Amino acid sequence: FRFMARPELMSWVFLASVLYILHRYTEGRNPPLWLLPIILLIWVNCHNGFVLGWMAVGCFFVGLSIKQRRFDKRIFKWGSASVLVTVINPYHIHGVLFPFTLISSFRSGSLFGQAISELVSPFASGGQTTVQLPFYPYTILVPYFILFAASLVAAVCLFRKQKYWAVLLFLPFLYLSAKMMRSIPLLVVACLPVMIYGLPLDHVGRLFRWGDRRYRRFTLVAALVLMLLTIGMASYVVTDAYYLSTRRVDRFGWDWNRTALPVEAMNFVNQAGIKGLALNHLNFGGYLMWATGQKTFIDGRLEVVREKFYAEYERYFSPRQDKRQWRQALEQGVTRWNIQWIIFPYDVNPGLLNLLSRNSAWRLAYVDHKAVIFVRNGPEIERYIDPNLKRLLKPSIPSPLRTLPGLFGNQRPNSFKRFLSGFFEKQAFPTHHHMFGLFHYFRREWPKAHAHFTEAVKESRGYYYETYNNLGSASFRLGQLDVARQCYEIVLKEDPKNPIALRRLRQISKMN
């Protein structure tokens, strides 16, 4: 869930290196402990996770000292050097103290902790499901919970073996992995090797005696089953079924992920020559900076953004005031920062899309399946308008509703068939029609939204129930109550507690 191309990858590599050296030391293999301060010196200049190295060294020092009933001088010497050397960074002592300021910034009660899902504990992840985002990757967390439980068992076994340094290693890293989603990989990097080292796997091995023909046959069959399961899981990833099962924007392949990043939008910005500071959504900041070379309003480096500025950003993108106050706050921000254009994902900011679409100070310049761009109105505004915009927003002729799967007696693929297809054929979510349908729906252009949602159902062959939910909403707005009823009934078959479908069906029954 958190294996992403981010700078924290460096911390995992450095942590694994430190642990490798320390584990070899406890086994009496005389590793070069002098490498520890060198690793920490490079680490502190790459990522603020260097304090994890401190933790690891501290756990081994205390654990070995307890075991030996005396200070381990070698680890103390090179461990102290590993702490002192971290002052050698561009910010000196402030760089050393910086990770500790993040602890208060990312606490559960802070603004960041309340707004950012990856800062939520995996044990409290059930609260992340909403009406707008009905899917949550619980299956991804199952291996984490299994490893967490296995680590607790291993800790008990290691304590009985008097491997105190290994037991102590579990404490900080299990805690960090349980504290927030972004720290889950620490359980794998730091605890998995120790867990395997501590679990009584030798007792399990005795159950399968290789000399016995019956157990040999069982072992071969088990190995074959494991291979087939692995191949099946891999194929489920390659076809993107794994990602689409929880509607994640990740995709299998090697390229810019156009379902997650505004790739086409940034190409347009460069071609049109749009300049000046943009008020951008947080998730777009990093790519916008890379693709255009321009300054951004905000990006994902929250540790340098701080809560005060993030709160100001939230007033523009996630308002908690009425529309009039929101418009005033946005106008004040535009004036204060001299904002020339605005870019954001309209599927998560429908209110902002609606507000700007009805504000004469702004002109819609570009829209695609991921992002929308508004430019400040002015004498040269036409040069910044996408020439394909009129064609994209032109009403399309949808497929007949009676031909759609699941409606008017037509067969819709059952859940087992849809699941099975994920192992053999490439899965594709109807992103274009789904997103353009949302774009028009949020702008209250019901006929255009209805046409796109109709095509989304057809293109996806009825695989995804949310396409029916959207088509039902557009049909309800247009007074097509029978179509809306059928759509919401399909939704309830897969999501029986869907509040929108339940509420709309009650309204339709009253209207009939």
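The values are calculated or read from the model by the stated rules, or taken from the named source; none is laboratory data. Here the structure is a predicted model, which means the values were calculated and not measured. Cβ coordinates were reconstructed from backbone atoms using ideal geometry, including for glycine residues, and neighbour counts include every protein chain displayed. Quick note on the areas: whole protein, heavy atoms, side chains included, nothing else; ligands and nucleic acids left out. Shrake-Rupley method; radii C 1.70, N 1.55, O 1.52, S 1.80 Å.
Structure values in brief
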| read-out | value |
| --- | --- |
| Residue match in the stretch 282-297 (condition: open to solvent by 50 Å² or more (accessible area, probe 1.4 Å), in contact with a His (Cβ under 9 Å, 6 or more places away or on another chain) and not β-branched (V, I, T)) | no |
| Any pair with Cβ under 9 angstrom, 6 or more apart, that starts in the stretch 290-311 at a residue that is without any contact (Cβ under 8 Å) to a residue 60 or more places away in the chain and ends at one that is charged (D, E, K, R) and surrounded by 14 or more Cβ atoms within 10 Å (Cβ to Cβ) | V305/D299 |
| Residue identified as closer than 30 Å to M266 by Cβ and in a loop (DSSP other than H, G, I, E, B) among K448, K426 | K426 |
| Residue that is nearest to L119 (Cα to Cα), among those in the stretch 310-346 that are among the aromatic types (F, W, Y) and open to solvent by less than 50 Å² (accessible area, probe 1.4 Å) | Y310 |
| Residues of the stretch 11-31 that turn out to be free of Cβ contacts under 8 Å to residues at least 40 places away in the same chain, closer than 11 Å to W43 by Cβ and open to solvent by less than 80 Å² (accessible area, probe 1.4 Å), as a count | 3 |
| For G437: the one exception among (1) farther than 17 Å from A474 by Cβ; (2) in a helix (DSSP H, G or I) | (1) |
| Qualifying positions in the stretch 32-53 - more than 13 Å from W12 (Cβ to Cβ), within 28 Å of the chain's Cα centre (by Cα) and buried (at least 16 other Cβ atoms within 10 Å of the Cβ) | V44, N48, V51 |
| Options T239, T219: the member that is out of contact with any helix residue (DSSP H, G or I) (no Cβ under 7 Å at 6 or more places or on another chain), surrounded by fewer than 16 Cβ atoms within 10 Å (Cβ to Cβ) and of a type outside the set (A, V, I, L, M, F, W, C) | T219 |
| Criterion (within 18 Å of I490 (Cβ to Cβ) and either in contact with a His (Cβ under 6 Å, 6 or more places away or on another chain) or surrounded by 14 or more Cβ atoms within 10 Å (Cβ to Cβ) (or both)) met by exactly one of R402, R443, R412 | R412 |
